[in-house]
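The values are calculated or read from the model by the stated rules, or taken from the named source; none is laboratory data. These numbers come from a predicted model, not from an experiment. Virtual Cβ from ideal backbone geometry, glycine too; neighbours counted across all protein chains shown. Note: areas computed on protein heavy atoms with side chains; ligands, DNA, RNA excluded. Shrake-Rupley method; radii C 1.70, N 1.55, O 1.52, S 1.80 Å.
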Amino acid sequence: MASKAFDMIVIGAGPGGYVAAIRGAQLGLDVAVVEREHMGGICLNWGCIPTKALLRSSEVFHLMHRAKEFGLKATGIDYDLDAVVKRSRGVAKQLNGGVGHLLKKNKVTAIMGEATVPAKGRVTVKTDKGVEELTARHIVLATGARARELPGLEADGDLVWTYKHALVPPRMPKKLLVIGSGAIGIEFASFYNTLGADTTVVEVMDRVLPVEDAEISAFAKKAFVKQGMKIMEKAMVKQLDRGKGKVTAHIEVGGKVEKQEFDTVISAVGIVGNVEGLGLEALGVTVDRTHVVTDEYCRTDVEGLYAIGDIAGAPWLAHKASHEGVMVAELIAGGHPHPVKPESIAGCTYCHPQVASVGMTEAKAKEAGYEIKVGRFPFIGNGKAIALGEPEGLVKTVFDAKTGELLGAHMIGAEVTELIQGYVVGRQLETTEEDLMNTVFPHPTLSEMMHESVLEAYGRAIHI
C-alpha cells in the first residue's frame, strides 16, 4: 500500500496537537493530525472545559442561596444533577465540533485512529477501515496524559471515580472522599461540596494546593473549612475496602491509621504520560517516568521527532501545550521562535474561591537567593469586591529588591483566574515595580488590587 507524504504529522488532537497542526498549516506546511478518541483531547472533552461548566452551575447555585444578601428573593432552591451534567456535556460537544471545523478550514488532514511510529519519519495508523501508512520529516507527539492509578485505589466507576466518572456521575455523592488536593481534586471537591456532599479531602503534602504559595494555600484551606469541607494534610489513603454501596478508607495521619466510611471516592493523585504503544523504545526516545525528555524547543533525541504538552512533562496545562504547539510548528517551518518558559506560565484553579499564580512563590524566591520585597492587598479593601459581595481574597506580589523585577504573583478570590493575565503580560514585557506603579488601573475594578499590592510591597499602598 502506498504511503501518504506530509511535511508534518501530529499525533494527538488535544490543545497541543490541534493548535500545532493549525499553525503548521498557516505557515504553508502540508499537515496531518491523527486522533484516536476525540478532537480537542481531554482538556476540551473531559477536562478544563466541562469542569468549568459544572463549576459555573455550582457557583450560580451558591449565589442563589445568598439571594437575600443582595435584596433578592429566591425560594425552593434546588438542582437537577442530570441537567447540570447535560449542560456540561453540551458545552464540550459544541467545542469538539469547533475543532473539527477549524482543522477543515485550515486544510489539515484529520485521521481518526491509533498511531505508532515504526521508524524515523514514518507513522502507521490503525483506523476502522484498516491500516494507513504516512510519512513526514517532522513528527510531533502530542498524546497527552491520563489519571494516575495507585495500587489498591483503582477506579471502578461505581464507588471509586476518576475525573471522567466525576464529570458524568452515576449519582450524587452523600459522603465524598477526594484523594489529592491539586487543581483537579480541589475543583471536584468544591463542586460536590457546594451541591451538598459531605466532603473530605486527603493530601499527602503538608498543605492543600501544594504548588501554590504557602500563604495562598493557608487562605484556601480556611475558606474550604468554612464551607464545611474536612481537610486532612500530611495524610495518606493506605487502602480502600469496598463493600455494598460503601467504601471504608484506611487513612494514615500522624503515624496512626484511622478508618472512615464514604459512599464515593474521587482519586486525583496526578497523571502519567501516554507513552505506551507508540514504538518510542524501539526508536531510542528517552522516556523518564512516563514523560518524553525534550530540550527547550520540545525536540526529542531522535531527529525530526518532537513532544509537546503533557507527554513532555510539567507544568501539565493546556495553555502550555498550545504554546509549545505553535513554537514547534514555527520551528519546523524554518522560523526562530522563543522557547516556552515554564516559569512564565500561569496556573489557575477554579474552586471557590478561585486561585491563580505565576512565577516564583515567596519561599522559592528566597531559596533562589533573591533579596525580596513582598506586597499584599486584601479584597476587603477594594470597592468592587465589596459591591460584588466577594470581600474575601488576597493579591500577593513578590519582587526582586535589587532590580524591581516581578518574580511572582499569587492570588485567591473572585475572578482571579482572569486577573492573573495582567501580571503574566507584565512579566513577559520584563516589567519592574516602577512600570506597574505608573500604570493607571480603572476604577472600580478588582484589578486595582493588583496595583495596590505592588504599591504595598514598597510601602506606598493607599487603601490599607
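What about Lys73, is it farther than 26 Å from His319 by Cβ, assigned to a helix (DSSP H, G or I) and of a type in the set (Lys, Arg)?
So Lys73 fails the test.
Is there any pair linking a residue in the stretch 438-454 that is free of Cβ contacts under 8 Å to residues at least 12 places away in the same chain to one that is surrounded by fewer than 16 Cβ atoms within 10 Å (Cβ to Cβ) and among the β-branched types (Val, Ile, Thr), with Cβ under 8 Å and at least six apart or on different chains, and which?
Going by the 8 Å Cβ cut-off, there are no qualifying pairs.
For the list (1) without any contact (Cβ under 8 Å) to a residue 40 or more places away in the chain; (2) of a type in the set (Gly, Ala, Ser); (3) part of a helix (DSSP H, G or I), I need the number of the one condition that Ala92 fails.
Ala92 satisfies all of (1) without any contact (Cβ under 8 Å) to a residue 40 or more places away in the chain; (2) of a type in the set (Gly, Ala, Ser); (3) part of a helix (DSSP H, G or I) except (1).
Go through the residues of the stretch 215-235 one by one and say whether even a single one is at positive phi, among the charged types (D, E, K, R), open to solvent by 10 Å² or more (accessible area, probe 1.4 Å) and part of a loop (DSSP other than H, G, I, E, B).
Within the stretch 215-235, one or more residues are at positive phi, among the charged types (D, E, K, R), open to solvent by 10 Å² or more (accessible area, probe 1.4 Å) and part of a loop (DSSP other than H, G, I, E, B).
Let's see how each residue does on (1) open to solvent by less than 30 Å² (accessible area, probe 1.4 Å); (2) of a type in the set (Val, Ile, Thr); (3) closer than 27 Å to Lys222 by Cβ; (4) modelled with pLDDT under 95:
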| residue | (1), (2), (3), (4) |
| --- | --- |
| Val416 | yes, yes, yes, no |
| Tyr423 | yes, no, yes, no |
| Leu436 | yes, no, no, no |
| Val440 | no, yes, no, no |
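Looking only at the stretch 301-316, decide whether some residue is surrounded by fewer than 21 Cβ atoms within 10 Å (Cβ to Cβ) and among the β-branched types (Val, Ile, Thr).
Yes, the stretch 301-316 contains a residue that is surrounded by fewer than 21 Cβ atoms within 10 Å (Cβ to Cβ) and among the β-branched types (Val, Ile, Thr).
Pairs needed: first member in the stretch 279-296, farther than 14 Å from Leu141 by Cβ and modelled with pLDDT of 95 or more; second member anywhere, surrounded by 12 or more Cβ atoms within 10 Å (Cβ to Cβ) and not β-branched (Val, Ile, Thr); C-beta distance under 6 Å; at least 6 residues apart or different chains.
Glu296/Pro339
If you go through the stretch 44-66 one residue at a time, do you hit one that is over 24 Å from Thr349 (Cβ atoms) and surrounded by fewer than 20 Cβ atoms within 10 Å (Cβ to Cβ)?
no
Among all residue pairs at least 6 apart or on different chains, which show Cβ distances below 8 Å where the first residue, located in the stretch 254-266, is at pLDDT below 95 and the second is surrounded by fewer than 17 Cβ atoms within 10 Å (Cβ to Cβ)?
Gly254/Lys234
Pick from the stretch 236-252 the residues that are without any contact (Cβ under 8 Å) to a residue 24 or more places away in the chain and part of a loop (DSSP other than H, G, I, E, B): which of them is nearest to Leu150 (Cα to Cα)?
The residue in question is Gly243.
Mind checking which residues of the stretch 274-308 are of a type in the set (Asp, Glu), part of a loop (DSSP other than H, G, I, E, B) and within 22 Å of the chain's Cα centre (by Cα)?
Glu296 - this is the single residue of the stretch 274-308 that is of a type in the set (Asp, Glu), part of a loop (DSSP other than H, G, I, E, B) and within 22 Å of the chain's Cα centre (by Cα).
Would you call Arg23 in contact with an Asp or Glu (Cβ under 8 Å, 6 or more places away or on another chain) and under 21 Å from Thr162 (Cβ atoms)?
no
Only one of these is among the small types (Gly, Ala, Ser), touching an Asp or Glu at 6+ places or on another chain (Cβ under 8 Å) and open to solvent by less than 50 Å² (accessible area, probe 1.4 Å): Gly98, Gly157, Gly180, Gly90. Name it.
From the options Gly98, Gly157, Gly180, Gly90, the qualifying one is Gly180.
Determine which member of the set Ile311, Ile386 is farther than 30 Å from Val275 by Cβ and either in contact with a Ser or Thr (Cβ under 8 Å, 6 or more places away or on another chain) or of a type in the set (Val, Ile, Thr) (or both).
Going through Ile311, Ile386 in turn, the sole match is Ile386.
Out of the stretch 410-435, which residues are closer than 20 Å to Thr361 by Cα, part of a helix (DSSP H, G or I) and of a type outside the set (Ser, Thr, Tyr)?
Val416, Glu418, Leu419, Ile420, Gln421, Gly422, Val424, Val425, Gly426, Arg427, Gln428, Glu433
Please specify each residue of the stretch 317-330 satisfying the condition of being among the aliphatic types (A, V, I, L, M) and either open to solvent by less than 20 Å² (accessible area, probe 1.4 Å) or more than 17 Å from Glu343 (Cβ to Cβ) (or both). Steps first, please.
Taking the stretch 317-330 first, the residues among the aliphatic types (A, V, I, L, M) are 317-318, 321, 326-329.
Those that are among the aliphatic types (A, V, I, L, M) and either open to solvent by less than 20 Å² (accessible area, probe 1.4 Å) or more than 17 Å from Glu343 (Cβ to Cβ) (or both): Ala318, Ala321, Val326, Met327, Val328, Ala329.
Might you check whether a residue that is within 24 Å of the chain's Cα centre (by Cα), open to solvent by 40 Å² or more (accessible area, probe 1.4 Å), over 23 Å from Pro15 (Cβ atoms) and in contact (Cβ under 8 Å) with a residue 12 or more places away in the chain occurs anywhere in the stretch 129-149?
Checked the stretch 129-149: at least one residue is within 24 Å of the chain's Cα centre (by Cα), open to solvent by 40 Å² or more (accessible area, probe 1.4 Å), over 23 Å from Pro15 (Cβ atoms) and in contact (Cβ under 8 Å) with a residue 12 or more places away in the chain.
For residues that are part of a loop (DSSP other than H, G, I, E, B) and small (Gly, Ala, Ser), scanning just the stretch 335-388, find the one that is least open to solvent (accessible area, probe 1.4 Å). Give the derivation first.
First pass over the stretch 335-388, keeping only residues part of a loop (DSSP other than H, G, I, E, B): 335-341, 345-346, 350-354, 360-361, 368-371, 382.
From the residues that got through so far, the ones that are small (Gly, Ala, Ser) too are 335, 346, 368-369.
On the way: Gly335: 29, Ala346: 11, Ala368: 62, Gly369: 64 Å².
Among those that are part of a loop (DSSP other than H, G, I, E, B) and small (Gly, Ala, Ser), it is Ala346.
Return the total of residues in the stretch 155-172 being in contact with a helix residue (DSSP H, G or I) (Cβ under 9 Å, 6 or more places away or on another chain) and either more than 27 Å from Gly41 (Cβ to Cβ) or among the basic types (Lys, Arg) (or both).
Qualifying residue count for the region: 3.
Take the residues in the stretch 389-409 that are of a type outside the set (A, V, I, L, M, F, W, C) and assigned to a loop (DSSP other than H, G, I, E, B); name whichever of them is farthest from Asp435 (Cα to Cα).
Within the stretch 389-409, the match that is farthest from Asp435 (Cα to Cα) is Gly389.
With modelled with pLDDT of 95 or more, farther than 25 Å from Asp7 by Cβ, touching a strand residue (DSSP E or B) at 6+ places or on another chain (Cβ under 9 Å) and in a helix (DSSP H, G or I) as the only criterion, which of Ala83, Ala166 stands out?
Sole residue among the options that is modelled with pLDDT of 95 or more, farther than 25 Å from Asp7 by Cβ, touching a strand residue (DSSP E or B) at 6+ places or on another chain (Cβ under 9 Å) and in a helix (DSSP H, G or I): Ala166.
Scan the stretch 1-55 for residues that are within 27 Å of Arg89 (Cβ to Cβ) and basic (Lys, Arg) and report the count.
Of the residues in the stretch 1-55, 2 are within 27 Å of Arg89 (Cβ to Cβ) and basic (Lys, Arg).
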